[in-house]
Each structure stands twice: as C-alpha cells, then as structure tokens.
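Accompanying notes for the structure given below.
Values in this text are rule-based calculations from the coordinates and carry no lab data. Please read these numbers as outputs of a predicted model, since none were measured by experiment. Ideal geometry is used to build each Cβ from the backbone, glycine not excepted, and the neighbour counts take in all protein chains shown.
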Amino acid sequence: MMSKKIFSVAVDGPSGAGKSTLSKAVAAELGIVYVDTGAIYRTIGYYVFCKEIDPKDAPAVIAILPELDIQMRYGDDGLQRMYLNGEDVSTQIRLPQISMYASAVSAIPEVREFLLEMQRELARRSSVIMDGRDIGTVVLPEADVKIFLTAAAEIRAQRRAKELEERGTPTPFEEVLRDIQQRDWNDSHRAAAPLRQAEDAVLVDTSELTFDESKLKLLEVIKGRVGA
Ligand code: DC
C-alpha cells in the first residue's frame, strides 16, 4: 500500500525514451494521475500551426497566448485528453509535423511561464507522475521522486518509428532518427529550462531493458522513495 500523503513523481528525458508509455503504466499500477506535459506544448504548437505562424517568431507566438484556453481532462478510459478553446485536439497534436512546432514554441520563455502554474496546480490536487523535460528541475523542484529516463538515440528512433507505423503514419527510420536528434539538440540547448538531469534524479537508461523491466525499475525507485 502506498502512503496516504499526496506525492509527486517527476520523469524527464529526451524524446522517445519511453516516458509517456511507462509513466502511464506506472500511474495505473499506483492509482495516481499521469500528466503528459508535452501534450500541453503540443497543443500550443498545434494552434500556432493552424494560424500559420512561424513557431520561431517569439513575438508572434507570445501575441496569441491570450487567445488560448487549454484544458486537460481525463476520459472514461482514464486517458488524458487536450482541449483547445473547447475542441478536443488530442489526435491532431500527435501528428509528426506538430512535434517540431511544440519543440520550437517550448523554447520561448513566455510560453513556459504561461504553462507553469497550470502544471503545478495539477500536482497540488493529487498524486501525480508528470513527464516532460524540466519537471524535476523547474516545474516540481520539490518532487518526492525524480527520474531521468533515457536511451540511445538509435533505440529511441526505432521505438518511435514502430509507434508511428502502428498509428498509421509510417515514417522512414532515417527521418525519425534525424527528427529525434534535432529535437534532442533543440530541447537541451535552449536557454529557457533546457533538458537536463536534476542533481537528485535517478538515471534510468532503458536501451537494454524491455518495457516490463523498465516498468519494474521505475516502480522500485518510486516505492523506495515514497514508501511501499
Ligand atoms: O514529450 P513530447 O515529445 O510530446 O514534447 C513535445 C515538445 O515539447 C518537446 O520537443 C519539448 C517540449 N517540452 C518541453 O519543453 N517541456 C516539457 N515539460 C514537455 C515538453
């Protein structure tokens, strides 16, 4: 039995490390809420894409922030859905071209600031496992457990290519790998809250681990910190 106190688990790492699939599975096992923060950046990226704005044009992106009403709700299946100005955009934000938009808008400090309180509020309401790039370093620096999840770029690209194929949007491996390397670079070299391992985070490299082994490893780390 987990203790009654509310606790938070921060999971950070590069694209395709398995953060969302693993965090979702761990959340179900522990009966806590899974928060996918990348989906929030993707929602802004999607809006910018629809408005035909250059996602690197910071003043133009900042100017549209007041037009955004972003809501995160949980469906009957327990899965997180994103609503943009009342419309469910959960499917659209997963389109491959939206990834780069999300990565570009996430480099704008005003965009990060705009989303900060929303993310913190979610962790105040209930026990969460929240995944992203800066959860352990910026969003929840007091998180009870911090995990930095990573894997070799080639392995991440293989997993992402398989996922895209299953979703009906097959993409050549080379293209997926290039996209991952480009996003790794963008996400870890930006000035605003770059991707980096928090000093007190536990490093988990899933390159050589199966999904079940990775899940067990995360559960072991979490239970070791918040009491089993
Ligand atoms: O996790 P994801 O690939 O869905 O995230 C999309 C983009 O959003 C990613 O390239 C970086 C950005 N992001 C971020 O900067 N901070 C977060 N906490 C989550 C995502």
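With respect to the cross-link table entries Lys56/Lys162; Lys24/Lys162; Lys162/Lys223, which display a Cα-Cα separation exceeding 24 Å? Beyond 24 Å between Cα atoms: Lys56/Lys162; Lys162/Lys223. Protection proxy ranking for 30-40, 50-60, 129-139, using the average of other Cβ atoms within 10 Å per residue and placing the highest first: 129-139, 30-40, 50-60.
For the residues Ser8, Ser207, what sequence is obtained by ranking on other C-beta atoms within 10 Å, fewest first? The partial results should precede the final answer.
Details: Ser8 26, Ser207 12.
Ordered by Cβ neighbours within 10 Å, fewest first: Ser207, Ser8.
Computed on region 1-132, with alpha-carbon pairs under 8 angstrom and 6+ residues apart, the relative contact order is 42 percent. Sort out for me the Cα centre separation of region 29-58 from region 150-199, rounded to whole Å. The two parts, judged by their Cα centres, are 16 Å apart.
Counting only DSSP beta bridges whose two residues both lie in the chain, roughly 30 percent are antiparallel. Neighbours of Ala193 by Cβ distance under 13 Å: Lys/Arg scored +1, Asp/Glu scored -1, total -1.
Which whole-number percent is the relative contact order of region 83-188 (Cα, under 8 Å, 6+ apart)?
Details: 44 pairs, mean separation 25.8, N = 106.
Relative contact order comes out at 24 percent.
Ordered by the count of other Cβ atoms within 10 Å of each Cβ, fewest first, Arg190, Arg156 give Arg190, Arg156.
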